[in-house]
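What follows is one structure encoded as structure tokens, with my remarks underneath.
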Amino acid sequence: MKTAMIALFLAALATPALASGTHEGGHHGAMAVGEPGKKAQATQTIRVSMKETDDGKMIFTPNTFKVRKGQTIVFSIKNTGELDHEFILDQEDKIMEHKVVMEKFPEMEHDDPNAIRLAAGEAGEIVWKFTNDGTFKIACLVPGHYDAGMHGDVTVAKK
């Protein structure tokens, strides 16, 4: 009985730490979608806004992008909505895995170079070098936002 009580106590202490955890140490190197880029090497800036619409949709504008393999892009992102939003760039399967985790821990903070969370009115940027061709996703994984339409595609063409 004493062992069970200690285990429950330790589990209770650990739960808040997990729920408010971060992705720190996660994706700081190369990923299938590419790697963090150097702003001085960027060949294009893409301005993206994130917001809610009057009919309850959540959107990125624009929500589709075409870039070239080897290209470094600055995503200049502004949250023009009234809620917090995220811009996460990754493979579709990784996005969907992350979505499940975010639904369990909605206050999770990110420390990944391929992701940014912005409060209403805030702006930020992601500098990204696309090292592989293919189709990748952008998404907002604040619970409910992806399902309300806040996702899109990045097509990376061979040089």
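Placing unit charges on the Cβ atoms of the charged side chains and taking the dipole of region 32-157 about its Cα centre, the candidate lying farthest along the positive direction among ILE116, ALA139, ALA157 is ALA157.
Would you work out the charge dipole size for region 32-157 about its Cα centre, treating the Cβ of every Lys and Arg as +1 and the Cβ of every Asp and Glu as -1, and quote it to the nearest 20 debye? Provide the component values of the computation, followed by the final result.
On the way: 15 positive and 21 negative charges, 151 e Å.
Dipole magnitude for region 32-157 comes out near 720 debye.
Summary of packing: across the peptides 107-120, 130-143, the per-residue average of other C-beta atoms within 10 Å ranks them, highest first, as 130-143, 107-120. Across region 32-157, the relative contact order, built from alpha-carbon pairs under 8 Å that are at least six residues apart, equals 37 percent. Protection proxy ranking, highest mean first, for peptides 80-87, 152-159: 80-87, 152-159, where packing is the per-residue count of other beta-carbon atoms within 10 Å, averaged.
Based only on Cα atoms, what mean projected area does the convex hull of region 32-157 have, in nm²? Walk me through the numbers before you get to the answer.
On the way: hull surface 27.6 nm².
For region 32-157, the mean projected area of the Cα convex hull comes to 6.9 nm².
Here region 133-147 and region 95-113 have alpha carbon centers that stand 11 Å from each other.
Read the figures in this text as sums done on the coordinates, not as results from a lab. What you are looking at is a predicted structure, and each value in this text was computed from that prediction instead of being measured. Cβ sites come from the backbone with ideal geometry, for glycine too, and all protein chains shown count toward neighbours.
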